[in-house]
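Here is the structure we will look at.
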């Protein structure tokens, strides 16, 4: 018997790179999945590839999601990405960068991949502390998805157990970065910005950049990526 | 205010055509979604289009699912579709025609479409009586998905309620057909066979054909579609 397999949702951001490192540290054979959903911050996908390579994953697939049917999100449409929102504002309501049912769709596809690989463990880098107000990043969502997944799948019905691991869910951004640095994550390969420059430099002002910079400050570490406005 | 919108998963089969007719009879504005997942029985998609047109839906989208990542199902690969399994055999275990996490993925995408349309109601033609042993056709799956959906989405969090309607779930195939005939469904437009001839004629022997034929017999009605072996 080889190592048990795990499927890791890998966006190319800081959180999922850390979740991948945690899955690796727990001895899983790593199968990464990334999603091409027409996101404007496409540097993410290149970053996901680099992070996957650095972690020496057993496989990495990019799943193309046809987003023509999704309307109304700033991440996939021409709505301006908000800049320089304060922490109080970020913690109020659901931002325009919300993509309808995104994590539900991504986890569902990852679940299909897991079944086809014979994997029972899925890793997801969601975080409910320093998060952006997305409903599908909360612990109650992850629990409900796991419960559903065990009723939906062959493995769940035949006495196995699907586990949705969200190892970062109760950590602050600073704690996530500290844990990742201990596990040797190269955050220089990751990409978080919702609104990067043409050369990939991060804006430093969108919600994602602000949370990232706050995290590195909390972790007493310097963010190795390039920013436009600094 | 116009009619409330509903998203209907429309495969082109008998069950989803009936679910569409039920949604219509309840006064919803109909938005159909079909999935192109590389199924071998591609006549389904043409049937879905015809059924959608006949019901005069407000919109119909075909969502392409990249199934390169799915392995091990007879519906998307070269595993032979079983023929002439008896009813006892069909009710034992999960058949090779199971596609990993299929309904989970389809419902998740439909949920994203519903959110982007401002719809709270989804209709799914699953059936737990004369079904083929798929775990994701059972009432407990549908309930768990609904619970998860209300935690996953903006509408759920902001005080609305996502409802997953599975109006056929406790009906026999015969009862489904009787209800559909009362609502004026033209079953001649639908397609059920997993293993059709090149001209679209149904095999009459796969699980899906056998359940369909049994249903028409129970409903004392003649199936209007063409079969190879009859």
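When B:172, A:104 are sorted by how many other C-beta atoms sit within 10 angstrom of their C-beta, beginning with the fewest, the order is B:172, A:104.
Averaged over its residues, how many other protein chain Cβ atoms are within 10 Å of peptide B:138-148's Cβ atoms?
Values: counts 3, 1, 5, 8, 3, 3, 9, 9, 2, 6, 13.
So the per-residue partner count for this stretch is 6.
Label points for residue A:170 are taken 7 Å from Cα along Cα→Cβ. From this copy to the others they lie 4.0 nm apart, shortest first.
Using a Förster distance of 30 angstrom, determine the FRET efficiency expected from the C-beta separation of residue B:158 and residue A:214, and round it to 0.05.
Working: r = 27 Å, r/R0 = 0.89.
Between residue B:158 and residue A:214 the formula returns 0.65.
Spacing of the modelled spin labels on residue B:181 and residue A:199, each 7 Å from Cα toward Cβ, amounts to 7.3 nm. For residue A:222, the label point sits 7 Å beyond Cα toward Cβ; its separations from the matching points on the remaining copies run 8.4 nm, from shortest to longest. Taking 7 Å steps out from each Cα toward its Cβ at residue A:62 and residue B:29 produces label points 3.7 nm apart. With a Förster radius of 45 Å applied to the beta-carbon distance between residue B:3 and residue B:228, the computed FRET efficiency rounds to 0.60. Ascending distances from the residue B:118 label point to its copies in the other chains, with the point 7 Å along the Cα-to-beta-carbon line: 5.0 nm.
Read the figures in this text as sums done on the coordinates, not as results from a lab. As the structure is a prediction and not an experimental result, all values here were calculated from the model. Backbone-built Cβ (ideal geometry, glycine too); neighbour counts: all protein chains shown.
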